[in-house]
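*Asks:* Let me begin by handing over the structure; questions about it come next.
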DNA sequence: TCACACCAATTTTTT
DNA sequence: ATTGGTGTGA
């Protein structure tokens, strides 16, 4: 039996809503996850089957956390029957079952960003465009933006001459690879859900739909949700418009602001009592976010103490910033008897983590880095995964080309071109033509042998997979092809080579882990996890307690820490230069707000007088958001000795920053 | 065909 | 500062 006394009045209201459309406006730190967990338990208590509940989250981390919380309340076994997943994973699962209804093969591969960039390069080449003038990465972003417009844009309406040619070619290439990109997962899911019998089947199954972080949903995602919900209207959305930070991905806050228009008679519950942060942090973050116009008005309050002032850290440059921040952490830890796990360093861009990493490594302080170049995006890991992709989906030409000559086995560009011509002529996927290539006499003997060897290894690996499972097959490939040697050859630096090969070993570990965690492990299941990164390497709690967490503000959403450092609070960084250019300052402000509200007890904000970028030093200006915080709420952490430190380090600052620091010293 | 050297561009944020 | 992509010579 649920103890309703453990909740405040607003939370109770929110928990009791089981049927019909409901929108919960949950400010930062108002016990949102708790409310969701209680509501789920309540639903089960009134007799709703766990299998009928679908909870959609925005990130994998959020999904995992929600599952933990619900599991703690209703028990692990019941919880496994509840579908809790990101919208992308949900769509992938729908498509594994039903994409054949819209004319595609169910053994499709999911292409990640670098796979996409790869085929965009080829598409550019095919149309004779210069990849240096038309940056593939920018095009990839453009294509994604295009695919996230709903209803879809007619190809004939694309004004840009490059895009109008590349876009269809890109899509055709995906299809030829029997592959989908992230956006296709959603687009094809919509097509499947537009087939009445499919739609009805899913509606029958998911009778209660909940969407977390609803303020970040875009029109396509909303389209999927609406198709799933149907007329029954058991939709429960939770969100906070002040924390909408994915506008660049097509998120439309209006969907949240106007929810009542789409679902007539929707109930609104506001959670405004904050349990997380001190009065100072709430007041400061409130003062910042108030500068945004378009929002559902709400005022967070707490019955707790005002707490410490916000610590402002002024640094000479990014090196100095890292030193000061880490010193501050070490000091606080000792003084207040804390653990490293109580601290988080948040930054706007992943690149900022490097300086901190280097310093922490040197000082022997352990840290957890979230995001960045993710494990599965590393070259050596992509190579290994490509073998699995070829085994599973031979039409995945991108993966095939990646490994057909890796490690080098005498198959050069010329031979490949010839085989590919043959494939094109025979209108068969490249892989099927490899067998013919082995006997073809217009291909060098060395290359023929190489192809034969490649086919042999793939076939043998398939056998291993059948007989001994994924990890066995993976280990086989690594051993059989002497990947260790291949890795060492491509990195002359010993340490680098060691690290890279350790990653490969870690990859085998990931296979073993997947097999032991999954009730029904399959190769497509594994590849799906990799592509959607469902399987973020779980850090064991012991390590977590004694490590500083570092991540972007984006990935910090939904998390909280005792002490938070927002670093690089400078114009052109936070707010980011790009956002200043296209006038999306409001979103940057929300980002700053999200960062501030991650802190429970203590918040530090740091900025530097100059910063190196591409090896060049530029003067920096403190972020406008810092100026929006009432002065009485903060104290300077290190202003007294900044001049001293400058002299000590013998550093000459760019004149503007010197002037700025001199002014600050006068205050 | 491969290894090495040089050159260029990179830095938003996630699935 | 790093990294990947391209070009050249063996």
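*Asks:* With a ≥ b ≥ c the root eigenvalues of the C-alpha gyration tensor of segment A:208-249, is it rounded (a/c under 1.5), prolate (a/b larger than b/c) or oblate?
*Replies:* Numbers: a/c = 3.79, a/b = 1.65, b/c = 2.30.
The shape class here is oblate.
*Asks:* Okay, next question. Note the angle between two axes, namely the Cα long axis of helix A:413-426 and the longest principal axis of the Cα atoms of chain A, as a number of degrees from 0 to 90, rounded to the nearest 10.
*Replies:* 70
*Asks:* Let me ask you something else. Across all directions of projection, what mean area in square nanometres is found for the Cα convex hull of segment A:163-236?
*Replies:* 6.3
*Asks:* If you don't mind, another one. Evaluate segment A:429-511: find the radius of gyration of its Cα atoms, find its Kirkwood radius, and give the ratio Rg to Rh.
*Replies:* 1.07
*Asks:* Taking the Cα atoms only, what angle lies between the long axis of helix A:585-596 and the longest principal axis of chain A, rounded to 10 degrees?
*Replies:* Taking Cα atoms only, the helix is inclined about 70 degrees.
*Asks:* In a Debye calculation with equal point scatterers on the alpha-carbon sites of segment A:303-363 and no solvent, what is log10 I(q)/I(0) at q = 0.28 Å⁻¹?
*Replies:* These q points yield log10 I(q)/I(0) values of -1.39.
*Asks:* Taking every alpha carbon pair in segment A:362-478, what does the distance histogram look like in 5 angstrom bins from 0, in percent?
*Replies:* Pair shares across the bins are 2, 11, 19, 20, 17, 11, 8, 5, 3, 2, 2, 1, 0.
*Asks:* Please label the shape of segment A:471-515 as rounded, prolate or oblate, based on the square roots a ≥ b ≥ c of the eigenvalues of the alpha-carbon gyration tensor (a/c under 1.5 means rounded; beyond that, a/b larger than b/c means prolate, else oblate).
*Replies:* Since a/c reaches 1.5 but b/c is at least a/b, the shape of segment A:471-515 is classed as oblate.
*Asks:* Taking only Cα atoms, what is the 0 to 90° angle, nearest 10, from helix A:219-229's long axis to the longest principal axis of chain A?
*Replies:* Helix A:219-229 and the main axis of chain A meet at about 80 degrees.
*Asks:* Moving to a separate point now. Ratio of alpha-carbon Rg to the 2.2 N^0.38 Å globular estimate for segment A:439-561, to two decimals, please.
*Replies:* 1.41
*Asks:* How big is Rg to Rh over segment A:545-611, alpha-carbon atoms, Rh as the Kirkwood inverse-mean-distance radius?
*Replies:* Rg divided by Rh gives 0.99.
*Asks:* Taking the Cβ-Cβ separation of residue A:146 and residue A:272 as r and a Förster radius of 56 Å, what is the calculated FRET efficiency to the nearest 0.05?
*Replies:* 0.90
*Asks:* Moving on to the next point. Defining a contact as two alpha carbons under 8 Å apart and six or more residues distant in sequence, what relative contact order in percent does segment A:547-597 show?
*Replies:* On the way: 24 pairs, mean separation 23.4, N = 51.
Reported relative contact order: 46 percent.
*Asks:* For a quick check: sort A:607, A:436 by the number of other beta carbons within 10 angstrom, fewest at the front.
*Replies:* Going from sparsest to densest Cβ surroundings: A:436, A:607.
*Asks:* Could you run the Debye sum over the Cα atoms of chain A, one equal point scatterer each and no solvent, and tell me log10 of I(q)/I(0) at q = 0.07, 0.10 Å⁻¹, two decimals?
*Replies:* Values, matching the q order: -0.53, -1.08.
*Asks:* Could I ask something else about it? Please state the relative contact order of chain A as a whole percent: Cα pairs under 8 Å, 6+ residues apart? Intermediate results must be reported in sequence, preceding the final value.
*Replies:* Numbers: 985 pairs, mean separation 120.2, N = 667.
Value for chain A: 18 percent.
*Asks:* Which value in Å is the Kirkwood Rh of segment A:138-201 over different Cα pairs?
*Replies:* Mean inverse Cα-Cα distance, inverted, gives 12.9 Å.
*Asks:* Let me ask something else about it. For the residue pair residue A:632 and residue A:485, what label-to-label distance in nm results when each label sits 7 Å from Cα along the Cα-to-beta-carbon direction?
*Replies:* In this crude label model, residue A:632 to residue A:485 measures out at 7.4 nm.
*Asks:* How are the Cα pair distances of segment A:61-138 distributed, in percent, across 10 Å bins from 0?
*Replies:* 15, 25, 25, 21, 9, 4
*Asks:* Find the Rg to Rh ratio for segment A:494-603, where Rh is the Kirkwood radius over alpha-carbon pairs and Rg uses the same atoms.
*Replies:* Here the Rg-to-Rh quotient is 1.09.
*Asks:* Averaging over every viewing direction, what projected area does the convex hull of the Cα atoms of segment A:1-136 cover, in nm²?
*Replies:* So the mean shadow area of the Cα hull is 12.7 nm².
*Asks:* On to the next question. For the pair residue A:425/residue A:248, report the inter-label distance in nm, with labels modelled 7 Å from Cα in the Cβ direction.
*Replies:* About 4.8 nm separates the two model spin labels.
*Asks:* Report, in cubic angstrom per residue, the convex hull volume of the C-alpha atoms of segment A:232-324. It would help to have the intermediate numbers written out before the result.
*Replies:* On the way: hull volume 15.7 nm³, N = 93.
Given the Cα convex hull of segment A:232-324, per-residue volume reads 168 Å³.
*Asks:* Now a separate question. Binned at 5 Å from 0, what are the whole-percent values of the Cα-Cα distance distribution for segment A:275-325, short to long?
*Replies:* Going out from 0 Å in 5 Å bins, segment A:275-325 shows 4, 17, 19, 14, 14, 16, 9, 6, 0 percent.
*Asks:* Which log10 I(q)/I(0) values, to two decimals, does segment A:116-232 give at q = 0.15 Å⁻¹ under the Debye formula with one point per Cα?
*Replies:* Those come out to -0.75, one per q.
*Asks:* Right, something else. According to the square roots a ≥ b ≥ c of the eigenvalues of the Cα gyration tensor, what is the shape class of segment A:214-284, taking rounded for a/c under 1.5, prolate for a/b larger than b/c otherwise, and oblate for the remainder?
*Replies:* oblate
*Asks:* Let me ask something else about it. Only helical DSSP H runs with n ≥ 4 go in: add -39500 (n - 2.57) per run for chain A, normalise by residue count and round the 222 nm mean residue ellipticity to 500 deg cm²/dmol.
*Replies:* For chain A, the value works out to -16000 deg cm²/dmol.
*Asks:* Please give the residues of segment A:448-483, grouped as numeric ranges, whose backbone N is less than 16 Å from a label point set 7 Å along the Cα-to-Cβ vector of residue A:513.
*Replies:* A:471
*Asks:* Also: Taking the beta-carbon count within 10 Å as an exposure proxy, list A:593, A:222 from fewest neighbours to most.
*Replies:* The fewest-first ordering by Cβ neighbours comes to A:222, A:593.
*Asks:* A follow-up question, please. Could you put A:432, A:576 in order, starting from the residue whose Cβ has the fewest other Cβ atoms within 10 Å?
*Replies:* A:432, A:576
*Asks:* Could you give me D for segment A:268-417, from Stokes-Einstein at 25 °C and 0.890 mPa s, where the hydrodynamic radius is the Kirkwood radius over C-alpha pairs? Units µm² s⁻¹, please. Please report the intermediate quantities before stating the final value.
*Replies:* On the way: Rh = 20.9 Å.
D, rounded to a whole number, is 118 µm²/s.
*Asks:* Alpha carbons only, please: Rg and Dmax for segment A:104-157, in angstrom.
*Replies:* 12.8, 37
Throughout, read-outs are computed from the coordinates displayed, never taken from laboratory work. Please read these numbers as outputs of a predicted model, since none were measured by experiment. Cβ sites come from the backbone with ideal geometry, for glycine too, and all protein chains shown count toward neighbours.
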